[in-house]
Every structure is written in structure tokens, then in C-alpha cells.
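The values are calculated or read from the model by the stated rules, or taken from the named source; none is laboratory data. None of these values were measured; they are calculated from a predicted model. Here the Cβ is made from the backbone with ideal geometry for all residues, glycine too, and neighbour counts use every protein chain on show. These accessible areas exclude ligands, DNA and RNA; they are computed on the full protein's heavy atoms, side chains included. Shrake-Rupley method; radii C 1.70, N 1.55, O 1.52, S 1.80 Å.
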Amino acid sequence: MVDDTDLEDLYDYPPDLTAPFVQVNFVASADGGAELSGKSVGLSSPGDRRILALGRDLADVVLVGWGTAHAEGYRGIKRRELRDRRRSARGLGEVPPIAVVSGRCSVPPDSPLITDTLVPPIVITAESADAGRRRALAAAGAEVVVAGHDQVDPAAAIAALGERGLNRVCCEGGPELFGALVAADLVDQLNLTVSPMLAGGGPSRIAVGTRPHLPTRLRLESLLVEDGFLMLRYRRGQ
């Protein structure tokens with residue numbers, strides 16, 4: 001792996017963004033599995049976790065599906081020395097908010113995402129979600145954003161982030177959210193770590209849901225290797 005400065009240069013967002021740029025971080029086994037025992041951590045490595053942390057350090061907002069946030073025990077993002085340095089150098093706030101996608105507005109008001117955070121989270125939901133849940137989350141301190149009627153419209157969700165000046169979007173999954181972003185042609189960069197292990201059969205893969213009309217062409221921008229793990233960075237092709 002390279003040092004922190006080189007890693008920042010490789011993975012930084014394009015300068016002077018005027019619209020959202022969506023990067024997605026995922027780890028997968030060599031045979032395509034997205035998790036072990038319901039979590040991705042078993043597939044990860046120190047190098048992969050450095051890249052995941054870097055994504056948070058450089059982002060305006062961290063986007064995640066509620067299923068993943070709940071399974072992985074998400075809390076608000078914390079300050080740390082390296083994060084402070086990186087964000088201060090780029091004129092970013094002390095930590096990025098987490099934007100949680102939940103079509104049914106299923107995030108409980110006492111979730112650590114709301115009670116253990118330095119900045120209020122954003123809950124992106126659908127108009128059809130229970131109005132009482134929406135009011136309870138707003139009362140607990142979350143910003144509730146409606147994007148779509150019967151389900152969350154990914155294009156409307158990303159546009160809502162852009163309207164708030166949150167153009168550096170770091171998506172951490174899960175597979176349903178990633179699949180929706182792919183189907184809507186909203187993914188600009190994929191940071192994919194390939195883990196040197198076989199997870200075995202099962203339905204889990206890093207993107208699930210409706211397939212796009214045409215596949216999105218990506219180009220390989222960088223490849224790093226550490227202890228048998230491949231850290232691949234793909235960008236949308238021209």
C-alpha cells in the first residue's frame with residue numbers, strides 16, 4: 001500500500017464540483033460474496049478499512065441504506081486527528097453527516113445514528129412512509145427528506161443532497177442501495193476491494209435489484225495490492 005498522502009491523491013474527489021459525484025465503497029470475496037454471516041467486516045482488511053475511512057474523511061456526506069446501517073451498528077462519524085487534518089485542508093466541516101435511506105422511515109428515534117453523533121443525520125424516505133415516524137425522527141433531531149412517493153427515488157435522493165451542497169457523496173452500501181444507484185446510472189466511481197477468500201454459495205452480491213437498460217462502462221483508475229487483497233478504483237468511462 002502507499003502512504004496516506006499518495007492515498008489521498010488517488011482517492012480524492014474531482015475539484016470544484018457543481019453537482020453530486022457519487023462514489024461507492026464495497027468489499028467482496030474472490031467468488032463474488034458481499035458478506036460473511038450477514039456482515040462485510042469478515043471480508044475486510046486493514047488496507048480496505050483505510051480506504052473506507054478515507055472515503056469518510058473526504059466526503060460531504062456518507063450515504064447508506066438502513067439495512068446496512070442497522071446490521072453494521074452504525075453511529076455518527078467521530079473526529080480523529082487524521083480526519084481533522086484532511087477535512088480542514090479541504091475546507092470541509094468537522095465530520096460529514098450520515099444520510100440513511102429508508103423507504104419506510106424505519107430508523108428508530110433512539111438509534112445511535114441520532115443519539116450518538118456530532119452532526120444531525122439525514123433520513124431519506126418516501127412520501128408513503130408513516131407520517132408519525134417522520135415526525136418522531138424530526139423531533140429527535142434528524143433531517144427528514146422525502147424523495148419519491150411509494151419508494152425512494154435514487155435520482156431525487158442524490159439531487160436533494162446536491163441542493164444542500166453535499167456533492168462529495170460516499171456511499172457505503174448496502175447491495176439494494178447500490179443496485180438502485182446502478183439502475184439509475186448515478187454511480188461515478190466504485191472503490192472495490194477483492195478479498196482473497198471464498199465465501200461460498202448464496203444470494204448475496206454487492207448490487208441487487210433491477211438491472212439497468214445498458215451496463216455502465218467503467219475504466220480502471222488505480223490498483224493497489226496488500227496481503228493478497230486487491231483495492232480497485234474504477235471511474236465512469238467516457
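The table below lists the values:
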quantity: Distant-in-sequence amide H partners of residue 145 (H built 1.01 Å from N, under 5 Å); calculated: 123, 124, 125
quantity: Accessible surface of residue 70 - all protein chains present, 1.4 Å probe, nearest 10 Å²; calculated: 130
quantity: Per residue accessible area in Å² of the chain, where ligands, DNA and RNA are left out and the probe is 1.4 Å; calculated: 48
quantity: Sulfur and carbon atoms: percent of accessible area, the chain [1.4 Å]; calculated: 51
quantity: Charge dipole (debye, nearest 20) of the chain; +1 at Cβ of Lys and Arg, -1 at Cβ of Asp and Glu; calculated: 240
quantity: Solvent-accessible area of residue 115 with every protein chain in place, 1.4 Å probe, in Å² to the nearest 10; calculated: 90
quantity: Potential extension, residue 205-residue 19 segment - 0.36 nm per residue separation minus Cα distance; calculated: 64.1 nm
quantity: Helix-derived mean residue ellipticity, 222 nm - over the chain, DSSP H n ≥ 4, -39500 (n - 2.57), to 500; calculated: -8000 deg cm²/dmol
quantity: DSSP-assigned coil residues among trypsin sites (Lys or Arg not before Pro) in segment 158-217, each with at most 12 further Cβ atoms within 10 Å; calculated: 217
